[in-house]
Amino acid sequence: MAQQIKMHLLVCGGTGCRASESDQIQASLEHELKVHGLENEAKVVTTGCFGFCEKGPIVKVIPDNTFYVQVKPGDAREIVEEHVIKGRKVERLLYTDPENKEHVADSKHMGFYRKQIRIALRNCGFIDPENVDEYLARDGYQALGKVLSEMTPEDAIKIIKDSGLRGRGGGGFPTGLKWEITRKSVAEKKYVVCNADEGDPGAFMDRSILEGDPHVVLEAMAICGFAIGADAGLIYIRAEYPLAIKRLKIAIDQARNYGLLGNDILGTGFNFDIELRYGAGAFVCGEETALIHSMEGSRGEPTFKPPFPSVEGYLGKPTNVNNVETFANIPPIINKGSEWFAAIGTARAKGTKVFALAGKINNVGLIEVPMGTTLREVIFEIGGGIKDGKKFKAVQTGGPSGGCLTEKHLDIPIEYDTLIAAGSMMGSGGMIVMDEDDCMVSVAKYYLDFTVEESCGKCSPCRIGNKRLHEILETITKGQGTMEDLSKLKNLSHVIKDTSLCGLGQTSPNPVLSTMENFWDEYISHVVDKKCTSGVCKSLMRYVIIPENCIGCMACARNCPVNCITGERKQVHFIDQDTCIKCGTCLEKCKFNAIAII
Amino acid sequence: MSSIKIKLKEKDIAQIDEICKSFNNEPGELINVLHKVQTTFGYLPAEVQDVVANKLNMSVAKVYGVVTFYSFFTMIPKGRFPISICTGTACYVRGAEKVLDEFKKQLSIKVGESTPDGKFSLNCLRCVGACGLAPVVQVGEKTYGRVSPDLVKDILKNYE
Ligand SMILES: Cc1cc2nc3c(=O)[nH]c(=O)nc-3n(C[C@H](O)[C@H](O)[C@H](O)COP(=O)(O)O)c2cc1C
Ligand code: SF4
Ligand code: SF4
Ligand code: SF4
Ligand code: FES
């Protein structure tokens, strides 16, 4: 007798949860179901990321929507015996609301999810990304069917234009307009390219979409192909994303088998197929002209625009490049209409944006919020505030091209233009939260370190200028900076921005300029007072002994690796500053709070 | 980038030839070919690049230019247990640098080097997409999350 599956146990199979053994949780759950003879009643499904990575690995039970957090393989038995068999929730695995300390079973009622609207992420955490049938069951490929059977390419472009969708890869260019330009470029061959290079360190939106819902990107690329008149699609993906690559390959095979890719799609005579191209770890390859050169097998160096790829792109042919998240919005817009989409967000930015929340925040994870949501809502309501009760200091948006925003920016609505006006940018969606322990000069130096390493070296303002910026920042963090260095830093930043060839150089000084703008005091204290108030810059720290507290136990002196602490037993000790290497051992060893950092 | 002198065997050359052929010896497929060759050999020494250039009918300089441009390609062999420290922004603000310093100290090697016995190699990479677990360290295929400097010794012990 064929029994009905009554219950689904969804296990997160995203990279973060995988790293915490979620594959073993899946195996244990399946084993337990088998032991109890329930394999025909309950089914274990591996899904993409649920977004709430902080509390991973996550197991969600459908239909009652119970959300278990920080599950371990050993919990499988209890989940099956209690929840699946007896219908009782396993209380200890439920999320605890940090405010009222109560257990919350349904994710809908968790602060993390309450303000979110999921369009691009709608299937992540709901379906098995390796099974096309599950995508089909959630209206998958319906938009493609609709476009191919009911619309002209112009109709499809009009819907995307009317929706107001703008590119999610950083530039914010209107997507419908880009499609129209590529449509109007006359050529016998055109290409659709999906930019899945995701170079911003600390961002993982695109990766989670590809891992959790690969078909949405394939469907959208086919729609784009129909709209612009292309029969070939290429996905440029980082080789560092093995799981996303694997799932894309599976999805492409399945789509071909179902006649959703390949020749004569859905019997409409439309041909479209997709291939993968691999990046090899160069941030600049995310820039569209560099990406195209890389796909052609060369060094990924940007070239001057115009010509834009929509006119002259891959192999010299018109090429429409869109970001993964941009594509993920296309099928819902086609299915639900442009008015539906345009009603979400603000006047100048429609729809939602996915952000990767990370850093010193309680709820690290992937979130999707309507455009116009404030930073305060994102950081304090969704993100649950700052870790360990520390004080919020800054939030960095836009990755290496963006800037650091502070307390005074918390209430601005998040949009492309407002973030630029505040000295940062939307970028691809990385959002790194920093607290009082972060030194903003060091943060600027960190980003410059990144830029120096990633500059392709083609033009000198970027290649040499950024190196100089980095050197000056290094001098400042070592306590050797002067006021003159600060003005040099500012001037050089503007020169680099104005004269660099591509977006990398044109934006690379932003972390410097925005930290100087918003944390000028901190630069001054490094340069004038020779102090790093956050205690990050080692050269500016001094370990000293507080005479009132020191009882002369000698513990510090015995452990100092360079023997720079002197003092007789039961006498106050003394640290020789010239020899001290600032290793912090003495502070650790002193049991009498007699050592301080000043 | 320093390199190590090696001598390729007949069978290695045949293998590279095979890979190039599977991409129709197409110069535009250079990056795909290099990915495949690196997966097979673990790294891309000069001798291997010579063979690839020859098969794809392009200059050695062009191949070298591509290999050195992309950080994913390496001309030095990795250790048996390659250690990668994520230095993405999320990991950086949660203390990746201190973790990296501890690995350097424990192994007495710098970033990009291998231990003399070829057991461990040390590298940095940018965001592995597990920022919720920051700071993150990968040893081979295994990912360690929330690593603090005092956990470094324990991680290394797993590979004794
Ligand atoms: C240095 C640099 C890096 C970039 N990296 C990415 C990236 O990783 N992913 C991405 O989608 N776009 C990236 N872009 C933007 C692309 O050039 C391009 O604008 C985008 O892929 C277009 O797609 P969209 O209109 O859908 O956003 C980058 C741009 C620059 C200048
Ligand atoms: S600005 Fe920098 S990354 Fe861009 S082309 Fe010039 S050197 Fe290369
Ligand atoms: S360990 Fe502390 S109390 Fe003991 S000698 Fe050193 S500073 Fe004084
Ligand atoms: S910080 Fe290190 S080197 Fe300096 S006094 Fe303390 S133990 Fe000695
Ligand atoms: S920054 Fe380290 S995993 Fe993302």
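What to note about this one:
- Test: A:SER442 is within 12 Å of another protein chain (Cβ to nearest Cβ), out of contact with any Cys (no Cβ under 7 Å at 6 or more places or on another chain) and of a type in the set (S, T, N, Q): no
- Test: B:THR87 is in the same structural domain as B:LYS153 (by TED's automatic domain parsing), surrounded by 19 or more Cβ atoms within 10 Å (Cβ to Cβ) and closer than 24 Å to A:GLY300 by Cα: yes
- Looking across region A:475-499 at every residue that is within 12 Å of ligand 2 (Cβ to nearest atom) and open to solvent by 10 Å² or more (accessible area, probe 1.4 Å), the one that is nearest to the other protein chains (Cβ to nearest Cβ) is identified as A:LYS497.
- For region A:527-538, the count of residues that are exposed (fewer than 15 other Cβ atoms within 10 Å of the Cβ), within 8 Å of ligand 4 (Cβ to nearest atom) and within 14 Å of chain B (Cβ to nearest Cβ) is zero.
- Some residue of region A:329-351 being of a type in the set (S, T, N, Q), farther than 24 Å from B:GLY129 by Cα and crowded, with 19+ Cβ neighbours inside 10 Å: yes
- The residues listed here are A:LYS317, A:LYS360, A:LYS353; of these, the one that is basic (Lys, Arg) and over 20 Å from the mean Cα position of the chain (by Cα) is A:LYS317.
- Subset of region B:58-109 that is among the aromatic types (Phe, Trp, Tyr) and either outside any helix (DSSP H, G or I) or more than 10 Å from every other protein chain (Cβ to nearest Cβ) (or both) - its residue that is nearest to A:GLU454 (Cα to Cα): B:TYR70
- Within region A:51-78, the set of residues being closer than 26 Å to A:ILE386 by Cβ and within 14 Å of another protein chain (Cβ to nearest Cβ) comprises A:GLY51, A:PHE52, A:CYS53, A:GLU54, A:LYS55, A:GLY56, A:PRO57, A:ILE58, A:VAL69, A:GLN70.
- Region A:565-581, subset under 23 Å from A:CYS532 (Cα atoms) and surrounded by 14 or more Cβ atoms within 10 Å (Cβ to Cβ), residue nearest to ligand 2 (Cβ to nearest atom): A:CYS580
- Sole residue being within 23 Å of the chain's Cα centre (by Cα), facing chain B (nearest Cβ under 10 Å), outside any loop (DSSP other than H, G, I, E, B) and away from ligand 3 (no atom under 16 Å from the Cβ), chosen from A:LEU234, A:LEU276, A:LEU248: A:LEU276
- Residue check, B:GLY112 away from ligand 2 (no atom under 16 Å from the Cβ), over 26 Å from A:ILE432 (Cα atoms) and either within 14 Å of chain A (Cβ to nearest Cβ) or assigned to a helix (DSSP H, G or I) (or both): yes
- Of the residues making up region A:78-98, at least one is closer than 20 Å to A:ILE382 by Cβ and open to solvent by less than 20 Å² (accessible area, probe 1.4 Å).
Yes/no matrix, rows are residues, columns are (1) outside the structural domain of A:VAL452 (by TED's automatic domain parsing); (2) among the basic types (Lys, Arg):
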{"position": "A:TRP520", "(1), (2)": "no, no"}
{"position": "A:CYS532", "(1), (2)": "yes, no"}
{"position": "A:ALA555", "(1), (2)": "yes, no"}
{"position": "A:LYS570", "(1), (2)": "yes, yes"}
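- Some residue of region B:21-35 being under 30 Å from B:ILE155 (Cα atoms) and not assigned by TED's automatic domain parsing to the domain that holds B:PRO149: yes
- Among residues of region A:567-591 that are within 20 Å of A:GLY552 (Cβ to Cβ) and more than 6 Å from ligand 4 (Cβ to nearest atom), those with a Cβ under 9 angstrom from a residue that is open to solvent by 60 Å² or more (accessible area, probe 1.4 Å) and of a type in the set (Phe, Trp, Tyr), sequence gap 6+ or separate chain, pair up as A:GLY567/A:PHE574.
- Flag for B:LEU151 being within 16 Å of A:SER20 (Cβ to Cβ) and away from chain A (no Cβ under 14 Å): yes
- Inter-residue pairs, beta-carbon under 8 Å, first more than 16 Å from A:THR507 (Cβ to Cβ) and within 14 Å of chain B (Cβ to nearest Cβ) and in region A:452-473, second assigned to a helix (DSSP H, G or I) and away from ligand 3 (no atom under 16 Å from the Cβ), 6+ apart: A:GLY457/A:ARG463
Here is a yes/no grid of residues against (1) more than 13 Å from chain A (Cβ to nearest Cβ); (2) modelled with pLDDT of 95 or more; (3) open to solvent by less than 10 Å² (accessible area, probe 1.4 Å):
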residue	(1), (2), (3)
B:GLU29	no, no, no
B:ASN32	no, no, no
B:THR40	yes, no, no
B:PRO45	yes, no, yes
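- Search result, residues across region A:447-474 that are under 27 Å from A:ILE386 (Cα atoms) and either open to solvent by 20 Å² or more (accessible area, probe 1.4 Å) or outside any helix (DSSP H, G or I) (or both): A:ASP449
- When we screen A:GLU325, A:GLU339, A:GLU301, A:GLU381 for residues that are in a loop (DSSP other than H, G, I, E, B) and either more than 16 Å from ligand 3 (Cβ to nearest atom) or in contact with a His (Cβ under 7 Å, 6 or more places away or on another chain) (or both), the only hit is A:GLU301.
The values are calculated or read from the model by the stated rules, or taken from the named source; none is laboratory data. Note that the structure is predicted; figures quoted are calculated from it, not measured. All Cβ positions, glycine included, derive from the backbone under ideal geometry; neighbour counts span all protein chains shown. Ligands, DNA and RNA are stripped out before the accessible areas are found, and what is left, the full protein with its side chains, is counted by its heavy atoms. Shrake-Rupley method; radii C 1.70, N 1.55, O 1.52, S 1.80 Å.
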